[in-house]
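*Asks:* One structure follows; several queries about it will come next.
The values are calculated or read from the model by the stated rules, or taken from the named source; none is laboratory data. Predicted model only: the values in this text are computed from it and were never measured. We place every Cβ from the backbone using ideal geometry, glycine too, and count neighbours over all the protein chains shown.
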Amino acid sequence: ALLCCGCTSQNAGTASKPAAVSSLVPTASAAGVGERTLTLTNETAAPGQTVTVQLLVSEGAGIAATDLEVTYDPALLTYQSYQTDDCYREGTVLAEETEPGKIALTLVTLTPREPAGALASLTFTAGQTAGEAPLSLTATSCYNEEAAPISVSCSAGSVTIQ
């Protein structure tokens, strides 16, 4: 059974340490059901300004559970919090900055998103140095609602500080 962590936009950034998806979703022997794409958006911010980067998913994704890692340069950005899309508010969402420059995200839901759209948003504060702050995204595991592995590709994003 999946438990709701009770995250809201007010306390979402303070959730407990992410558990691996493999501990929340049973292992399945079924083959993956096709490639999906997860993308971080490109945004622009003034020095010291708060900026929100969205985590987007492609059409027909059907992602019920995933473990993700976002990396960034902590000299250029400071992680503040996350907020989830409505479909993941009915499940478990955990995010933690595991070390400066690395955020571990675990998303699990009983009602996976089918249309393309946002899964979550990450909020940062831009540093005082102008330039490009790349954001990389890695999916370490991803499953559909039958607990079958899903193949995903990830596209990096960035924050331009100007």
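*Asks:* What are the pairs, 6+ residues apart or on separate chains, where a residue within the range 122-137 that is in contact (Cβ under 8 Å) with a residue 12 or more places away in the chain and on the phi > 0 side of the Ramachandran plot has its Cβ under 6 Å from a residue that is of a type in the set (K, R) and buried (at least 22 other Cβ atoms within 10 Å of the Cβ)?
*Replies:* Between residues of the range 122-137 that are in contact (Cβ under 8 Å) with a residue 12 or more places away in the chain and on the phi > 0 side of the Ramachandran plot and residues that are of a type in the set (K, R) and buried (at least 22 other Cβ atoms within 10 Å of the Cβ), there is no close pair.
*Asks:* Note down all Cβ pairs under 6 Å where the first residue falls in the range 100-116 and is among the hydrophobic types (A, V, I, L, M, F, W, C), the second is loosely packed, with under 15 Cβ neighbours inside 10 Å and in a strand (DSSP E or B), and they're at least six residues apart or on different chains.
*Replies:* Every condition considered, the pairs that remain are A104/T98.
*Asks:* Restricted to the range 77-91, and to residues that are in a strand (DSSP E or B) and surrounded by 21 or more Cβ atoms within 10 Å (Cβ to Cβ), which residue is modelled with the highest pLDDT?
*Replies:* L77
*Asks:* I'm trying to understand the selection: among the residues of the range 122-142, which are touching a Gly at 6+ places or on another chain (Cβ under 9 Å) and assigned to a strand (DSSP E or B)?
*Replies:* T123, T125, A126, A133, P134, L135, S136, L137, C142
*Asks:* Go through the range 153-162 and give me each residue that's surrounded by fewer than 21 Cβ atoms within 10 Å (Cβ to Cβ) and out of contact with any Gly (no Cβ under 9 Å at 6 or more places or on another chain).
*Replies:* Scanning the range 153-162 gives S153, C154, S155, A156, S158.
*Asks:* I would also like to ask the following. From the list A116, A120, A104, which one is farther than 27 Å from D73 by Cα and in contact with a Ser or Thr (Cβ under 8 Å, 6 or more places away or on another chain)?
*Replies:* After applying the criteria, what remains is A116.
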